[in-house]
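Undergrad: Before I ask anything, let me first share the structure, which is written out below as structure tokens.
The values are calculated or read from the model by the stated rules, or taken from the named source; none is laboratory data. Treat the numbers as computed from the prediction; the structure is a model and nothing was measured. For neighbour counting, all protein chains shown are included, and Cβ atoms are generated from backbone atoms with ideal geometry for every residue, glycine included.
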Amino acid sequence: MSAAAEPAGTPTPAEAAETLRLRGIRKTFGSLTALDEVDLDIPRRGTTVLLGPSGSGKSTLLRCINLLEEPDAGEIDFGDGPTRLGGRLGARTVRSIRARSTMVFQQFNLFPHLTALGNVTLAPIHTKGVAKEKAEVRGRELLEKVGLGSKADAYPDRLSGGQQQRVAIARALAMEPDVLLFDEPTSALDPELAAEVVAVLADLAREDRTLVVVTHSLAFAQRVADKVVFLEEGRILLDGPPADFFESEDARLRRFREMVS
Ligand code: ADP
Ligand code: MG
């Protein structure tokens, strides 16, 4: 069997579980409470869209899932038991939580000195210890998947913003995380380039992956969300199927819908 044809591996306990569970997540910056006791279940193999005004805590919540920010308190559970956050976490615990999710940022954050393929294979080779040849075979498949099969050897400065973001998505997929986190992945792009990225996201959403997407696009939420979560001032105001959000008569939600659409 060739390396590329190898199965993805036996399901981990996390893959078998229903959800990623967050409980009582609190994050303060000085006197500002960015997240105030947030409880949230992220359905596996579904797309959760996080909405909310600027400054409501959406990015902080994503960053807490990945421990780019360490919450002051709370618990995180990827299906194999809760980990209490807020105290001093051991390096192994931090590594294992970080390995569960991968973030795609608004500004792509590609390494400028590496080709598209180099960007996609860097972490699998250096963090996961995947053999270079194997990582490259997989990396080319993933670039193909995001419509960039012919750009493997291109450097980021030769790629459009939409292409760079698609490389960033391939790079995130290469880590095979349980959960993919997207923080306003299209907001730095012109509309036609954003559309390419939305098309890739919609493909991923159809693929039984677990996605959490922060966006201001209600059209995107309407098209792909299985669940909508609305944050305001660090608290969850609504958590439910998209219809709950789109049909809500709550004045704050109506105002938000009118403002962003
Ligand atoms: P959103 O992504 O919904 O716009 P953020 O999660 O970025 O909101 O921010 C939530 C609140 O936390 C805001 O008031 C923001 O100014 C504040 N904040 C976020 N990150 C930091 C930081 N590193 N230092 C201080 N304040 C921060
Ligand atoms: Mg943000």
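Undergrad: With (1) β-branched (Val, Ile, Thr); (2) buried (at least 20 other Cβ atoms within 10 Å of the Cβ); (3) near ligand 1 (Cβ under 10 Å from one of its atoms) as the list, and residue 28 as the residue in question, which single condition is left unmet?
TA: Failed condition: (2).
Undergrad: Something else now. If you scan region 133-157, which residues turn out to be β-branched (Val, Ile, Thr) and in contact with an Asp or Glu (Cβ under 9 Å, 6 or more places away or on another chain)? Walk me through how you get there before you give the answer.
TA: Going through region 133-157, the residues β-branched (Val, Ile, Thr) turn out to be 137, 146.
146, the sole residue that qualifies.
Undergrad: Run down 111, 78 and say which single residue is aromatic (Phe, Trp, Tyr), closer than 30 Å to residue 217 by Cα and buried (at least 16 other Cβ atoms within 10 Å of the Cβ). Steps first, please.
TA: Numbers: 111 fails: buried (at least 16 other Cβ atoms within 10 Å of the Cβ).
Sole residue among the options that is aromatic (Phe, Trp, Tyr), closer than 30 Å to residue 217 by Cα and buried (at least 16 other Cβ atoms within 10 Å of the Cβ): 78.
Undergrad: Pairs, please: C-beta under 8 Å, at least 6 apart or cross-chain, first residue assigned to a helix (DSSP H, G or I) and in region 55-67, second within 6 Å of ligand 1 (Cβ to nearest atom)?
TA: 58/52; 60/34
Undergrad: Checking residue 70 against (1) within 13 Å of ligand 1 (Cβ to nearest atom); (2) more than 20 Å from the chain's Cα centre (by Cα); (3) not hydrophobic (A, V, I, L, M, F, W, C), which single condition isn't satisfied?
TA: (2)
Undergrad: If you don't mind, another one. With 131, 194, 174 as the choices, which residue is at pLDDT 95 or above and under 21 Å from residue 212 (Cα atoms)? First the steps, then the outcome.
TA: Details: 131 fails: under 21 Å from residue 212 (Cα atoms); 194 fails: at pLDDT 95 or above.
Only one candidate qualifies: 174.
Undergrad: Has region 240-261 got at least one residue that is within 16 Å of ligand 1 (Cβ to nearest atom), touching a His at 6+ places or on another chain (Cβ under 6 Å) and not charged (D, E, K, R)?
TA: Looking through region 240-261, at least one residue is within 16 Å of ligand 1 (Cβ to nearest atom), touching a His at 6+ places or on another chain (Cβ under 6 Å) and not charged (D, E, K, R).
Undergrad: Please enumerate the residues belonging to region 41-59 that are surrounded by fewer than 21 Cβ atoms within 10 Å (Cβ to Cβ), under 18 Å from residue 238 (Cβ atoms) and in contact with a Leu (Cβ under 9 Å, 6 or more places away or on another chain).
TA: Matches in region 41-59: 41, 43, 46, 53.
Undergrad: Of all residues in region 55-99 being closer than 18 Å to residue 181 by Cβ and basic (Lys, Arg), which is farthest from ligand 2 (Cβ to nearest atom)?
TA: So, considering only residues that are closer than 18 Å to residue 181 by Cβ and basic (Lys, Arg), the one farthest from ligand 2 (Cβ to nearest atom) is 95.
Undergrad: Mind listing whichever residues of region 68-86 are at positive phi and in a strand (DSSP E or B)? Let's see the steps before the verdict.
TA: So in region 68-86, the residues at positive phi come out as 74, 79, 81, 86.
The answer is 74, and nothing else.
Undergrad: I've got another one for you. Which residues, taken from region 90-108, are buried (at least 16 other Cβ atoms within 10 Å of the Cβ) and touching a strand residue (DSSP E or B) at 6+ places or on another chain (Cβ under 8 Å)?
TA: Hits for region 90-108 are 97, 100, 101, 102, 103, 104, 105, 106.
Undergrad: Scan region 128-153 for residues that are in a loop (DSSP other than H, G, I, E, B) and touching a residue at least 12 places away in the same chain (Cβ under 8 Å) and jot them down.
TA: Going residue by residue through region 128-153, those that are in a loop (DSSP other than H, G, I, E, B) are 128-131, 146-148, 152-153.
Answer for region 128-153, where residues must be in a loop (DSSP other than H, G, I, E, B) and touching a residue at least 12 places away in the same chain (Cβ under 8 Å): 128, 131, 146, 147, 148, 152, 153.
Undergrad: Kindly indicate whether any position in region 32-43 is more than 28 Å from residue 223 (Cβ to Cβ), within 16 Å of ligand 1 (Cβ to nearest atom) and in contact with a helix residue (DSSP H, G or I) (Cβ under 9 Å, 6 or more places away or on another chain). Lay out the reasoning, then the answer.
TA: Initial filter on region 32-43 (more than 28 Å from residue 223 (Cβ to Cβ)): 32-34, 36-37.
Next, from what is left, pick out any that are within 16 Å of ligand 1 (Cβ to nearest atom): 32-34, 36-37.
From what's left, in contact with a helix residue (DSSP H, G or I) (Cβ under 9 Å, 6 or more places away or on another chain): 34.
Looking for residues that are more than 28 Å from residue 223 (Cβ to Cβ), within 16 Å of ligand 1 (Cβ to nearest atom) and in contact with a helix residue (DSSP H, G or I) (Cβ under 9 Å, 6 or more places away or on another chain), one finds at least one in region 32-43, hence yes.
Undergrad: For region 34-54, name all the residues that are part of a loop (DSSP other than H, G, I, E, B), in contact (Cβ under 8 Å) with a residue 12 or more places away in the chain and within 16 Å of ligand 2 (Cβ to nearest atom). Quick ask: steps written out before the conclusion?
TA: Of all residues in region 34-54, those part of a loop (DSSP other than H, G, I, E, B) come to 44-46, 52-54.
Narrowing the set further to residues that are in contact (Cβ under 8 Å) with a residue 12 or more places away in the chain leaves 44-46, 52-53.
Residues satisfying the conditions are 52, 53.
Undergrad: Run down 110, 114, 89 and say which single residue is part of a loop (DSSP other than H, G, I, E, B) and more than 16 Å from residue 171 (Cβ to Cβ). Steps first, please.
TA: Values: 110 fails: more than 16 Å from residue 171 (Cβ to Cβ); 114 fails: more than 16 Å from residue 171 (Cβ to Cβ).
None of the other options fit; the residue is 89.
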